[in-house]
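The values are calculated or read from the model by the stated rules, or taken from the named source; none is laboratory data. Since the model is a prediction, treat every value here as computed from it, not as a measurement. Virtual Cβ from ideal backbone geometry, glycine too; neighbours counted across all protein chains shown. Ligands, DNA and RNA are stripped out before the accessible areas are found, and what is left, the full protein with its side chains, is counted by its heavy atoms. Shrake-Rupley method; radii C 1.70, N 1.55, O 1.52, S 1.80 Å.
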Amino acid sequence: MDDELRERVEREAEKHALLNAVKHESDADVGAIMGPLMGDNPDFRQHGDEIPGIAGGVIGRVNDLSYEEKRERLEELAPEELAEIEAEDEEDEHDLPDLPHADDHDEIRMRVAPNPNGPWHVGHARMPAVIGSYKERYDGWFCVRFDDTDPETKRPDLEAYDAILEDLDYLGFEPDATYRASDRLETYYDHARELIELGGAYTCSCSGEEFSELKNSGEPCPHRDKDVDTVLSEFEAMVDGEYSSGEMVLRVKTDIEHKNPALRDWVAFRMIDTPHPREEASEYRCWPMLDFQSGVDDYLLEISHIIRGIDLQDSAKRQQFVYDYFGWEYPEVVHWGHVQIDAYDVKMSTSTIAELIEKGELDGWDDPRAPTLKSLRRRGIRGEAIVESMAGLGTSTSDVDLAMSTIYANNRDLIDEETDRRFFVREGNQVPLGGSPPDEANPPLHPNHEERGVREIPVGDSVMLESDDLPQREDRIWLKGLGCFQFTRDVLQYTGEDIDVVREGDVDVVHWVPADESVAVRMRTPDGDVRGHAEPAVGDLATDEVVQFERVGFARIDRHDEDETVVYYAHD
């Protein structure tokens, strides 16, 4: 490392040490600043062996300052970052705004209401992340209610019920209760009967096209003024399955001249011939539409606050008619915009992902190329990192963008200090060694934690290097944890020089693996599989252990096959 780079490292380390100390009003810590320091300066990573030592000296000087001196120095070095810290201190400690009229409720009660047509994709995580965070803030209650009353167009997947609960557990939340709407048909029927008796609903045998013409012209349906007994009788026939699909519906009587045609006499129940996939619900043919089912359940479950997409504003308006008939008070509603997530070639759609799996274009819901929570989990990314990223988006009514790099950065902060380092060479070149190098290399398990010890890597007669790391003729390189070598006559000759040649900036530090005793590795990534070799001990690591392949990235050990170890790439 030359003097210019060393000065830059010291300057950046001082800035990050001051940021850490001022933000937390305490002494700075090497472990806490290494992630942000290296993340902001990726070119420092090739000097990873030296950076902690340099940073440690800087941190010692910073910690000798008083809080006011630290703040004054930070204002000189990074006034904008200091302003951000002070602005954050003035704001509420939460990323999420307060729930509206929260003080008016004895208990905050919310619900996550998924359609169980498949495991959750990444975008689905926003709802449980926000609702779970609100539950913790208000010491509230939340349930999972599977809105599975459409056995045809949004047909439930029997495996999805448990899969979604597993995804919720992965995110770190446990619901206070779980319901399946398909278990509650009799409850919806009872409320439909009551609504009919209140004069709030009628049976209609118009075709969809006929009613649409009447609705759009503000004209009442000819069935609208049926007497209550007739409507009750025809609804019972619907419940008994005496009508076929499309032959009869039950409509909520609203305002046929309402300025919004979508709210005019909307359908509450319809006939569906396709049996529900759950055996317990397979005999039913009269099914509630989501607005009726969800509206009734929200009242019966005493939901205090609903969060839903801004594109569903009409749902609250439809349901309000039912609430008015029954004399119920509607829950508080928070509308938000859609979240867009980058970094994936696969559309974030449950049906699209399922189709690709069926075609064999994806291996399953946990394929690293799939934008699903199961995929992120298999890659070794913690649910907490996702929750923090999603909650940080707030509840704006505007559409928001979430970069996967935000999730990766949060995950890096969570795992960096506890994750041991290993070597992995992608599609490397085998190069003989000469000059009697040591028989064993001993790089540290973690550069910031000497107490963890070192790795014991047998060297052998040759090593494997990544193509970009192969030096030019007569150039020197430092094999990390082993020593200095000069590339002469297609052989890496051990020179015996000490680490000063690296500090002086003349020699690049590279990772490597022994050619003879390395472990074949297949690393599964969102961009496809990458093959290479890792240091021998990787073959003995336990499934689910996360490692950082130096200069490559973090990865989760998935399994050890007979001829290779399979790992899943998390992020750099």
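So here's what we get for this one:
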item	result
Per residue accessible area of the range 319-387, 1.4 Å probe, in Å²	46
Inter-label distance, nm, simple model (7 Å from Cα along the C-beta direction), Thr153/Asp490	6.9
Rounded to the nearest 10 Å², the accessible area of Met464 at probe 1.4 Å	20
Gained length - Glu257 relative to Glu213, 0.36 nm times residue gap less alpha-carbon distance	14.5 nm
Residue-count net charge about Pro116 - beta-carbon cut-off 10 Å; Lys, Arg +1, Asp, Glu -1	-1
Residues whose placed amide H lies under 5 Å from that of Gly434, excluding near-sequence neighbours	Leu492, Gln493, Tyr494
Rg(Cα) / (2.2 N^0.38 Å) computed for the range 352-450, rounded to two decimals	1.60
Solvent exposure ordering (accessible area, 1.4 Å, most first) of Trp478, Trp287	Trp478, Trp287
The chain, accessible surface, carbon-and-sulfur percent (1.4 angstrom probe)	40
For the range 223-293: rounded, prolate or oblate by the Cα gyration tensor [a/c cutoff 1.5]	oblate
In degrees, nearest ten, helix 79-90 long axis to first principal axis of the chain (Cα)	40
Distance between modelled label sites at Val530 and Arg45, nm, 7 Å Cα→Cβ extension	0.9
0 to 90° range, to nearest 10: angle between helix 51-63 axis and the chain longest Cα axis	80
Dipole magnitude of the chain, debye to nearest 20 (Cβ charges: Lys/Arg +1, Asp/Glu -1, about Cα centre)	1380
Formal net charge of residues neighbouring Tyr330 (Cβ-Cβ distance under 15 Å; K, R +1; D, E -1)	-4
Cα gyration tensor shape of the range 99-209, rounded if a/c is under 1.5, else prolate or oblate by comparing a/b with b/c	oblate
1.4 Å probe accessible area per residue over the range 393-532, in Å²	47
Label zone at Asp342 (point 7 Å along Cα-to-Cβ), backbone N below 19 Å, the range 367-399	369-372, 386, 389-394, 399
Residues whose placed amide H lies under 5 Å from that of Trp266, excluding near-sequence neighbours	Val252, Thr254
Rounded FRET efficiency, nearest 0.05, which uses the C-beta distance separating Ser467 from Asp27 and R0 of 45 Å	0.55
Flagged links, alpha-carbon separation over 28 Å, of Lys215/Lys317; Lys154/Lys347; Lys226/Lys317; Lys317/Lys347; Lys154/Lys374	Lys317/Lys347
Shape category assigned to the range 1-112 from the gyration tensor of Cα positions, a/c cut at 1.5	prolate
Degrees separating the helix 30-40 axis from the principal Cα axis of the chain, which is the longest one	80
Full-extension gain in nm, Asp324 to Ile310, via 0.36 nm per residue minus C-alpha separation	2.8 nm
Value of [θ]222 nm, deg cm²/dmol, for the chain, DSSP H segments ≥ 4, -39500 (n - 2.57) each, nearest 500	-10500 deg cm²/dmol
Label point distance in nm, Asp106-Glu451, each placed 7 Å from Cα along Cα→Cβ	5.0
Computed over the chain, Cα set: Rg, Dmax in Å	31.0, 102
Net charge dipole size for the range 297-356 [Lys, Arg +1 and Asp, Glu -1 on Cβ; Debye, nearest 20]	120
Karplus-derived 3J(HN,Hα), 6.51/-1.76/1.60, for each residue of the range 475-481, Hz, glycine and proline x	7, 9, 9, 10, 6, 4, x
Mean accessible surface per residue for the range 59-196, computed with a 1.4 Å probe while every protein chain stays in place, in Å²	49
Difference of contour (0.36 nm per residue) and Cα-Cα distance, Asp498 to Val228	87.7 nm
Nonlocal amide H pairs with Val400, under 5 Å, H built at 1.01 Å	His338, Val339, Gln340
Efficiency of FRET between Glu69 and Glu7 - r from beta-carbon atoms, R0 30 angstrom, step 0.05	0.90
